[in-house]
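Colleague: Sending over a structure as C-alpha cells; questions will come in a sec.
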Amino acid sequence: MYNPYGNAAADLQQNSPQQNQYQFQAQQRSGLQQQPANLQYPQPQHPTFQQNQFGLQNQQHQQNQHQPPAAGAANPNVYANFFNDPATSLASQFARSGFESSNQYLQQNFGSFIPGTSDLKYYFQVSNSYVTRKILLVLFPYRNKNWNRLTSQEATGDPSPNGQTSYAPPSHDVNAPDLYIPLMSFVTYILLWAAFQGLNEKFHPKLFGYLASQTLAFSVVDIAFFKIGLYLLNCSQSSMWDLVAFSSYKYVVIIVLLCWKHLVGNGWVSYFPVVIVLTINLAVFLMRSLKFLVLPNSSATANSVTVNQRRIRVQFLFVYSVIVQGLIILYMSR
C-alpha cells in the first residue's frame, strides 16, 4: 500500500543531524550573548617582549642622563647656583646703589629747576569737608571772617619740628591753597565743554587737544603775569604751587557758568548778571587770599613799605583779581 508520508519521514530522519548541528550552534551563540559584559579572559603573556621593552626604557633613560639639556630647557640647579653666586649678589648691590644715586641726582636737579617740588604732596592733603568748604568759599566768600593761614602748631597743637614755623595742610585749614580742586576743575571744564559741544552736534575728537592747549596757555600767561608783578613790586616771593593753586580756582566759577548757560540760557538778563556776580565773588576771594603776598603782615616789613608802594600793590592786586580774571572767565565760558 502506498504511504504518501513515507518519503517525508525518511527525509526528516536524514536531515536530523544537520538540524541538530544548527541547533547546537544557535545554543552556543545564545550562551555567549548571555555572558556578563565585564567577564575578562586571561591574556597570553610574552616574557621575551616585556624584557625587551624594559631594556629599551633603561637604555633611553641612560642616554637622557648622558645627553646635555636642550636649548631653552629649565634646569633648577642652574638657577640655584646663579642666585648663590657671590658675583651675582655683588652685581645686584652695585645696580641698587647706582639706581639710588641716580634717583637722588634727578631729585636734586629737578628741585633746582622747580622750587618746592619735594613739598608737592602737601597740596594734595585734602578731605571731603575741605573740598566742600573751599568751593563754597570761592563762590560765596563773604561769610569767612578770618583769612589768615594757620600754622601746624595752631591747627594740631603739636610743636613744629626743628623749631621752624610751617603752615597747616589744607585738610586742617580752609584758607590753605591746594592743587586737588584746581586739577579736578581743569579736567572737568574740558570734559564738560566737549560734552556741551556734542549736545549741539559740534563735537570732534580734536576739541580735547585744542581746548587743553588753550586752557594751559591761559594758565601759563596768568601765572607769569602775577609772578612778574610780584617781582617788579618787590613783594615776598611765595611758592610756585601757591600761585598755580590760586590762579586755577577760577575754573570752579567757569564750570558753574557753563552749566548755567546751557540750562538757563545766555541772554542779557539771565546770564550776564550771574557772570558779574560770580566774577566779583572770585575777585574778593583772591584779594583776601593773596593779601599775605602783596601786603606783608610782619611789622618790620610793613614799616619798610611806603604809602605809594602800598597803593601800587593794592592797584596791582585789584587789576589781577578783577580785570584779568574777569576777561579770562568771560572768554573761557563763552
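Quick note: the coordinates plus some simple rules give every number you see, no bench work behind them. Please read all numbers here as calculations on a predicted model, not as lab measurements. Counting neighbours? That spans all protein chains shown, and the Cβs are built from the backbone with ideal geometry, glycine included.
Colleague: Which net charge results for the neighbourhood of Ser236, defined as the other residues with beta-carbon distances under 13 angstrom from its beta-carbon, given Lys and Arg at +1 and Asp and Glu at -1? Before the final figure, lay out the partial values.
Modeller: Working: positive: Lys227, Lys291, Arg313; negative: Asp242.
Taking every other residue near Ser236 into account, the sum is +2.
Colleague: Assuming R0 = 45 Å, can you tell me the calculated FRET efficiency for the pair Lys145 and Gln315, based on Cβ-Cβ distance, to the nearest 0.05? List each step's numbers first, then the result.
Modeller: On the way: r = 25 Å, r/R0 = 0.56.
Approximately 0.95, to the nearest 0.05.
Colleague: Next question, about the same structure. Is the shape of the stretch 177-332 best called rounded, prolate or oblate, per the rule: a/c under 1.5 gives rounded, else a/b larger than b/c gives prolate, else oblate, with a ≥ b ≥ c the square roots of the Cα gyration tensor eigenvalues? Mind showing how you got there, number by number?
Modeller: Working: a/c = 2.87, a/b = 1.95, b/c = 1.47.
In terms of gyration-tensor shape, prolate.
Colleague: Which FRET efficiency, nearest 0.05, do Gln197 and Lys121 yield, Cβ-Cβ r, R0 41 Å?
Modeller: It comes out at approximately 0.70.
Colleague: A further question follows. Which of Ile323, Ile190, Ile254 has the fewest other C-beta atoms within 10 Å, and how do the rest follow up to the most? Kindly include the intermediate steps, with their values, before the conclusion.
Modeller: Values: Ile323 12, Ile190 19, Ile254 24.
Least crowded to most crowded, the residues run Ile323, Ile190, Ile254.
Colleague: Okay, next question. Among Ile312, Trp241, Val274, pick out the residue whose Cα is farthest towards the positive end of the charge dipole of the stretch 236-328, where Lys and Arg carry +1 and Asp and Glu carry -1 on C-beta, about the Cα centre.
Modeller: Ile312
Colleague: Using 1/(1 + (r/R0)^6) with R0 = 45 angstrom and r between the beta carbons of Ile135 and Tyr231, what's the FRET efficiency to the nearest 0.05?
Modeller: Working: r = 31 Å, r/R0 = 0.69.
With R0 = 45 Å, the Cβ-Cβ based efficiency is 0.90.
Colleague: May I ask you to list the trypsin sites (Lys or Arg not before Pro) in the stretch 137-232 that are in a DSSP loop and have at most 10 other Cβ atoms within 10 Å of their Cβ?
Modeller: Of the trypsin sites (Lys or Arg not before Pro), the ones in loops of the stretch 137-232 whose Cβ has at most 10 other Cβ atoms within 10 Å are Lys145, Lys202.
Colleague: Just to confirm the filter: which chymotrypsin sites (Phe, Trp or Tyr not before Pro) across the stretch 215-315 are DSSP coil and have at most 11 other Cβ within 10 angstrom of their Cβ? Show your work: numbers first, answer last.
Modeller: Working: sites: Phe218, Phe225, Phe226, Tyr231, Trp241, Phe246, Tyr249, Tyr251, Trp260, Trp268, Tyr271, Phe285, Phe292; in loops: Tyr249, Trp268, Tyr271.
Loop-located and lightly packed - Trp268.
Colleague: Can you list residues from other chains, or at least 5 along the same chain, whose modelled amide H is less than 5 Å from the amide H of Thr151?
Modeller: Under 5 Å from the amide H of Thr151 lie the amide H atoms of Ala168, each far enough along the sequence or on another chain.
Colleague: Mind scanning Lys121/Lys227; Lys206/Lys250; Lys227/Lys261 and naming the pairs with a C-alpha gap bigger than 29 Å?
Modeller: Pairs exceeding 29 Å: Lys227/Lys261.
Colleague: Here's a follow-up. How many nm separate the modelled label positions at Glu154 and Met240, each set 7 Å beyond the Cα in the direction of the Cβ?
Modeller: With each label point 7 Å from Cα toward Cβ, the separation is 2.9 nm.
Colleague: Pulled fully out, how much extra length does the chain show between Val305 and Ile223, if you take 0.36 nm times their separation in residues and subtract their Cα-Cα distance?
Modeller: On the way: separation 82, 0.36 × 82 = 29.52 nm, distance 2.42 nm.
Gain on extension, Val305 to Ile223, equals 27.1 nm.
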